[in-house]
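Below is one structure, written out as structure tokens; comments come after it.
The values are calculated or read from the model by the stated rules, or taken from the named source; none is laboratory data. Note that the coordinates shown come from a computational prediction; the quantities given were computed from them, not determined experimentally. Note that each Cβ is placed from the backbone with ideal geometry, even for glycine, and that neighbours are counted across all protein chains shown.
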Amino acid sequence: MTLAACALVLIGGFCGGISRFFLSGLVGRSVGETFPWGTLVVNVTGALAIGAFAGAARAVGGVFSAELVRDLIVVGLFGGYTTVSSFCLQTLNLALDGERPLAVFNVVASVASCVLAVALGFWVVVRMAG
């Protein structure tokens, strides 16, 4: 772990965290915050983006597979952007508040949507690359 890698993770994490804060809040204000839709949207778009990046690394290589770029984008940006820890806490809170069906729905919708989004992002970039 170099100083350059740490700086890139820091910069990426800052940008990812700010992006998560903005998008999650925007979605919450738009559709309401009874259910954590903002977190779901962030997790799915983060999964789509990380899938696309992985697809580019596999299909194109080059800059996409460079270690420092991976540190900036995957570890920093996507690590700061996705909100799995928030998702887990919100799911627990739904269950503790007696909203067990919503808690189960949150788990199923989040996991299924994110796995599909990773696959879609990966597939689209691999197909576009040739």
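Looking at (1) assigned to a helix (DSSP H, G or I); (2) at pLDDT below 95; (3) surrounded by fewer than 19 Cβ atoms within 10 Å (Cβ to Cβ), which is the only condition Thr34 fails?
The one condition Thr34 does not meet is (1).
With the requirement that a residue be small (Gly, Ala, Ser) and outside any helix (DSSP H, G or I), what does the stretch 74-130 give you?
Narrowing the stretch 74-130 to residues small (Gly, Ala, Ser): 76, 79-80, 85-86, 95, 98, 103, 109-110, 112-113, 117, 119, 121, 129-130.
Gly98, Gly130, listed by residue number.
Can you name the residue in the stretch 92-130 that is in contact (Cβ under 8 Å) with a residue 40 or more places away in the chain and not hydrophobic (A, V, I, L, M, F, W, C) and, of all such residues, is farthest from Gly55 (Cα to Cα)?
Asn106
Could you check Thr83 against (1) over 27 Å from Ala7 (Cα atoms); (2) buried (at least 21 other Cβ atoms within 10 Å of the Cβ); (3) modelled with pLDDT under 90 and say which number it fails?
Here Thr83 meets the rest and fails (1).
Keeping to the stretch 40-68, report how many residues are touching a residue at least 24 places away in the same chain (Cβ under 8 Å) and either assigned to a helix (DSSP H, G or I) or among the charged types (D, E, K, R) (or both).
Residues that pass the stated criteria total 20.
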